[in-house]
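Here's the structure we're looking at; comments come further down.
What follows is calculated from the coordinates using simple rules that are stated; it is not laboratory data. As the structure is a computational prediction, the values presented were derived from the model and not from experiment. Backbone-built Cβ (ideal geometry, glycine too); neighbour counts: all protein chains shown.
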Amino acid sequence: MRPSGEQSAAELLANVDNPLSSLTTTTRVKQLLRTHQGRDKLYKVLQYVLRLKLWIAGVDVNLAFRQDAAQHEFTRDERNLMTIVNGRRLFRVGRFVAEFVRMRTTLNLIAQVTADDVRSSSSMAIFLQLQMVADIMARLIMCVKSVCEDIAYMSQKGFLHSNVADAVLRLSVKLAVPVLLVDLLLNTLRLWQGVRHASRSGVLHEAKSSASPPQALLSSCNDESTAQAEDFSLLSRYRSFERNRRASIITLPPSAANAAVLQQTHDESVVHVSNYPKLFWLDFELHWVMVTELKLILDLLVAVSLAKGWQSWKGPVSVAGLLSGCLSVYRVWTYGR
């Protein structure tokens, strides 16, 4: 909070309200060790640590997973790597059910956002509809990819013909690329939208700070409503709709005292920042999006390398997978998912 008479050169406003700040270290450790998501990401880090170690030692890690490798005497690291990879595949068995539920949730959000969107221009509506189509197609492809991984796992365990595993795994790797590209595009638009909101909020905050509490609250609501109508990011629309739905559950009488309390709460949750690195670090939502963006870029590098069979990129891909795993662990530690 700044003194009322102090002038600020900052033009960005970061929302530092963290709903998960009350989580203790014990709770965060439990999130990592007791949840399926946490254990899977810890195994991912170990998987790429072993891949990197074997690459440095000049060992072809793909040999361990070929059917003609029965005569090969595996090292301890190779056996550990195979155990981790098989364990992660076991964790993901039946994942298509969760992907199907996520697809239904996405359809519900699209329907609700479309019904609520009555103020956008025609070009904005078309752009949002294109994002909707891309989002639901990505969820559908992800569901098919999960089914392919389940078929490959059953084939490797002897329930299906052994030749099936290679074919569906190759398809699964290729399906990952368009899904990651769509997620990267949608999250990039959301990040861009968040930066625009932070810049716009920083400019308008001075005018609100000098107004009376009821007027400031009314101005804030009007500005938020206008900004929501101008949102070009589908994920931002999702977020705005969910936030408005939760806010509608708790209602207060429109008195000046309640307006003052709400305005004070809002002011205490925002801070002025002077540059984008601080904004991405302090703003709770933008920090999540930035971490997600970095992880998606690393995952895309790994997926493209596997799909194209780039043998000379095994070292950089192992490093990218390790960094992606570390970001995944950080997300579970910080956000629980």
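Between Arg76 and Leu130, what is 0.36 nm times their sequence separation minus the Cα-Cα distance? Round to one decimal in nm.
14.5 nm
A simple count of charges around Val168, restricted to other residues whose Cβ falls under 15 Å of its Cβ and scoring Lys, Arg +1 and Asp, Glu -1, yields +4.
What is the local net charge at Leu23, summed over the other residues whose Cβ is closer than 13 Å to its Cβ (Lys, Arg +1; Asp, Glu -1)? Mind dumping the intermediate values first?
On the way: positive: Arg28, Lys30, Arg337; negative: none.
Here the charged neighbours net out to +3.
Restricting the range 263-337 to GluC sites (Glu not before Pro) that sit in a DSSP loop and have at most 13 other Cβ atoms within 10 Å of their own Cβ leaves nothing.
Taking label positions 7 Å along the Cα-Cβ direction at both Trp281 and Val147, the computed distance is 4.7 nm, reported to one decimal. Sorting Phe127, Phe96 from the fewest to the most surrounding beta carbons within 10 angstrom yields Phe127, Phe96. Arranged from fewest to most other beta-carbon atoms within 10 Å of their beta carbon, Met290, Met142, Met124 become Met124, Met290, Met142.
What list do you get for His287, His197 if you sort them by fewest beta carbons within 10 Å? Don't skip to the end; give the middle numbers.
Numbers: His287 18, His197 24.
So the residues, fewest neighbours to most, are His287, His197.
Taking Cβ atoms as reference points and 15 Å as the exclusive limit, the residues near Val144 contribute a net charge of +4, counting Lys and Arg as +1 and Asp and Glu as -1.
Only lysines eight or more places from Lys145 in sequence, or on another chain, were considered; those with a Cα closer than 21 Å are Lys41, Lys44, Lys157, Lys174, Lys295, Lys308.
Extension gain, Asn86 to Leu294, is 72.3 nm, computed as 0.36 nm per intervening residue step minus the present C-alpha separation.
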